[in-house]
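Written below as structure tokens is the structure these notes are about.
Coordinate-derived values only; no laboratory data. In this text, all values refer to a predicted model and were calculated from it rather than measured experimentally. We place every Cβ from the backbone using ideal geometry, glycine too, and count neighbours over all the protein chains shown.
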Amino acid sequence: MRSVKIENVSKQFGQVHGVKNLSLDIKAGEFFTFLGPSGCGKTTTLRMIAGFYYPTAGKILFDDQDVTRLQPNKRNIGMVFQNYALFPHMTVDENIAFGLQVRKLTKSEIKQKVDRIRGLVHLDPYGNRKINELSGGQQQRVALARALVIEPDILLLDEPLSNLDAKLREETRIEIKRIQSELGVTTIYVTHDQMEAMAMSDRIMVMENGYIKQIGTPQEVYHRPLSRFVANFIGETNLIEATIDAIDDEYIQAKTANGLVLTGRKHQSSLTLSHMIGDKVFISIRPESIHLDKGDNTLTGKISFVEFTGISVNYIVDFHEFSLKVMIVNSSDSLKKIGEDITLNIPYDALYFLGE
Ligand code: ATP
């Protein structure tokens with residue numbers, strides 16, 4: 001396993017910029033995810049790491065080796081694509097063995113390596129099956145086995161679960177994570193699915209429009225987003241526009257246009273020292289951090305939507321100028337009805353102040 005360093009990399013396609021001045025360090029053995037909406041530059045970055053594209057500017061290093069212009073087959077990477085790109089008329093074992101035959105290993109070496117990896121991805125009964133006789137989930141595992149059998153320094157996965165249905169996607173997500181931690185291979189994973197990114201990654205890079213918006217652990221990007229874009233993209237949140245009304249060492253108070261005052265803690269904030277009274281801010285509040293009682297910030301609004309999902313009761317509560325999504329987990333209270341007034345408690349720690 002090797003580390004990956006990206007230094008000031010840009011990729012231009014004519015007038016279109018794929019990625020802009022991106023710098024990034026991925027540690028050896030890390031599970032690192034590129035997350036963002038369609039067109040934000042995830043695949044372009046992955047392809048430059050694989051060597052399918054050369055950057056317009058900047059450098060890519062594996063450990064201390066400059067690989068910026070090295071051919072893909074000289075980089076010792078394993079890759080799994082969204083469509084698997086398997087050979088349909090060949091068997092599972094023949095598909096897994098392909099990269100080893102290209103590398104001219106002996107028959108017995110190939111057999112030994114294929115046996116081991118087939119076991120690792122739990123496909124032992126299927127070695128002689130043709131690819132077109134397998135389910136989507138099984139095909140996905142063959143693709144993973146084929147990428148892993150060459151013992152890559154770096155494993156690149158480009159939306160590998162998007163052709164699977166929801167349940168299989170979850171199972172396979174757990175499998176990939178298990179295999180990755182067993183092998184300890186440096187893994188770069190591309191997805192636009194924030195749940196997948198949160199569940200699997202050591203760290204996540206959130207991208208928008210060719211730029212890095214934030215890099216952090218799943219907990220950091222969820223609980224300490226640096227922008228509205230990240231707060232919105234990772235999980236569900238409420239965003240309220242307000243103006244700073246008072247600020248001291250511990251607390252920030254902000255007022256909405258209609259004069260509602262909300263108080264939060266200063267350390268729960270991406271604001272810089274230069275933010276002052278009168279500045280516009282956005283307050284991010286996660287639906288699950290709002291409670292149904294009186295407390296730090298007590299507000300009363302009107303229910304406009306109720307749903308029971310099994311794990312939670314979800315409400316939308318209307319105030320004069322905004323609505324709040326509220327998620328009550330583990331509640332044994334009876335459901336409230338649309339049109340009823342409801343009193344909410346938003347703890348100080350649940351408010352997260354954003355400058356952009
Ligand atoms: P998706 O999730 O849809 O795959 P992505 O985040 O992987 O999106 P990229 O495929 O990296 O996004 O594309 C980034 C930008 O670069 C987009 O505006 C895209 O249209 C452009 N782009 C990517 N590849 C090419 C190419 N070969 N020629 C021209 N423009 C390209």
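Considering all C-alpha pairs of segment 277-353, those separated by over 17 Å amount to 44%.
A helix-only calculation puts the chain at -7000 deg cm²/dmol for mean residue ellipticity at 222 nm, using -39500 (n - 2.57) for each DSSP H run of at least four residues, averaged over all residues. Based on the Kirkwood approach, the hydrodynamic radius assigned to segment 115-211 is 14.3 Å, with every pair of different Cα atoms included. Please go through segment 194-250 and write out the GluC sites (Glu not before Pro) that DSSP classes as loop and that have at most 14 other C-beta atoms within 10 Å. Answer by residue number: Glu236, Glu250. Residue-normalised convex hull volume from the C-alpha trace of segment 121-170: 94 Å³ per residue. For the chain, a simple Cβ point-charge model (Lys and Arg +1, Asp and Glu -1, everything else neutral) yields a dipole of about 1560 debye relative to the Cα centre. Shape analysis of segment 4-229 based on the Cα gyration tensor places the equivalent ellipsoid semi-axes at 30, 20, 15 Å, largest first. Basic side chains Lys and Arg get +1 at the Cβ, acidic Asp and Glu get -1 at the Cβ, and with that the dipole of segment 131-254 about its Cα centre reaches some 440 debye. Normalising the average separation of contacting C-alpha pairs (under 8 angstrom, six or more residues apart) by the number of residues puts the relative contact order of the chain at 16 percent. Size descriptors for segment 61-101: radius of gyration and Dmax over Cα atoms are 13.8, 41 Å. The value obtained for segment 19-75, namely the Cα convex hull volume divided by the number of residues, is 95 Å³ per residue.
Between the helical axis of 107-120 and the longest alpha-carbon principal axis of the chain there is an angle of about 20 degrees. With both labels modelled 7 Å from their Cα along Cα-to-Cβ, the Glu241 to Asp202 distance reads 4.2 nm. Expressed to the nearest 5 percent, the antiparallel share of DSSP beta bridges inside the chain is 75 percent.
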